[in-house]
Amino acid sequence: MRVVFMGTPDFAVGTLEALLQSRHQVVAVVTQPDKPKGRGKAMQFTAVKEVAVRAEIPVLQPKKVREPEVVEEIRQFHPDVIVVVAFGQLIPKTILDMPQYGCVNVHASLLPKYRGAAPIQWAVIDGEEKSGVTTMQMDEGLDTGDMLLTEEVVLDPQETGGSLFDKLSEVGAGLLLKTLDELEAGNIHPQKQPSESTTAYAAMFTKKMGEIDWTQSAVQIERLVRGLNPWPSAYTHLGQKTLKIWRAAVHPLSEQKKEPGTVILMDKKHFGVQTGDGMLEILELQLEGKKRMDADAFLRGYQLEDGIKIGEQ
């Protein structure tokens, strides 16, 4: 098939690379515009553009893909199918209806669960036992098109947003190739989704959403820590400084509860924090201006007193 690939971040790279190594022909790549990054504000390619440039494939970077001139430019590549993976813009009907096999989306959840921009992080935060990838025939809604193929992935008890991202990216690449083969052979019978998602909308995270609420249970907070690792990360405050929490463990408490956010010193190498239900042992952390470190290394260099409260500025 002649494929136009539409995608932007790291998650889309595995699928694009799989297409480039397959029997299909990627005739063009559409990605978001370059953005300034770092102190020097130098313009940086998207992850997908970097791959496309190395492969010498034409790259389009429209601010709005629905503009008529952009639609016509894509049409000139005569795609049999358009593959969309985390592109970052809504696709208009003029493009959805363009290729013979339509627009096929690779979505990182088992639809209709977790429609939206951040299904990977939410699956970890919500304590799901399994997640997966769905290929979907796109329509004008947000992740509402007919389902084509799915593949499940079982979550590890210590799964993070980052580790699940890597797993689903790899699974998605293979599932997309299988989907294209089955579509071309006429072996796929699309399944309609229910009108409503079976979970809340998987909204994209902001840094602010990573702030820990110590009145929540230790189980909830530990999932938040894993789900937001590596980005945007779960954090709290120690005095006037931000304290990122990278790894933690849940402990039940039998003794009388202290106020949520109270530091409970266990010994010179370990410490925990009282939550709304149970204690959260901090295993790896990063104080503002410092590097990531294990709790014992942190306690060797920082005087942390039993009974102080964190999370308050």
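Selection over segment 260-304 of residues that are touching a residue at least 40 places away in the same chain (Cβ under 8 Å), within 16 Å of LYS241 (Cα to Cα) and more than 32 Å from the chain's Cα centre (by Cα) gives a count of 1.
All of THR8, THR31 fail the test of being assigned by TED's automatic domain parsing to the domain that holds ASP97, among the polar types (S, T, N, Q) and touching a residue at least 60 places away in the same chain (Cβ under 8 Å), apart from THR8.
Listed here are the residues, each with its yes/no results for (1) assigned by TED's automatic domain parsing to the domain that holds GLU73; (2) at negative phi; (3) out of contact with any strand residue (DSSP E or B) (no Cβ under 8 Å at 6 or more places or on another chain); (4) of a type in the set (S, T, N, Q).
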position	(1), (2), (3), (4)
ALA108	yes, yes, no, no
ILE125	yes, yes, yes, no
GLY145	yes, yes, no, no
VAL154	yes, yes, no, no
THR199	no, yes, yes, yes
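If we scan segment 152-167, do we find a residue that is in a strand (DSSP E or B), at pLDDT 95 or above and in contact with a Ser or Thr (Cβ under 6 Å, 6 or more places away or on another chain)? There is at least one residue in segment 152-167 that is in a strand (DSSP E or B), at pLDDT 95 or above and in contact with a Ser or Thr (Cβ under 6 Å, 6 or more places away or on another chain).
Beta carbons closer than 7 Å, at least 6 apart along the sequence or on distinct chains, pair a first residue in segment 113-132 that is under 16 Å from VAL225 (Cβ atoms) with a second that is among the charged types (D, E, K, R) for VAL124/GLU159; VAL124/ARG223; VAL124/ARG226; ILE125/ARG223; GLY127/ARG223. Residues in segment 178-191 that are buried (at least 17 other Cβ atoms within 10 Å of the Cβ) and part of a helix (DSSP H, G or I): 3 in all. Residues in segment 41-70 that are basic (Lys, Arg) and more than 20 Å from the chain's Cα centre (by Cα) were compared, and the one that is surrounded by the most Cβ atoms within 10 Å (Cβ to Cβ) is ARG66.
Scanning segment 14-50 for residues that are within 22 Å of GLN76 (Cβ to Cβ) and touching a Leu at 6+ places or on another chain (Cβ under 8 Å) turns up LEU19, HIS24, VAL26, ALA28, VAL29, VAL30, THR31, VAL48.
The values are calculated or read from the model by the stated rules, or taken from the named source; none is laboratory data. This is a predicted model, so every value here is computed, not measured. Note that we place each Cβ from the backbone using ideal geometry, even for glycine, and neighbour counts take in every protein chain shown.
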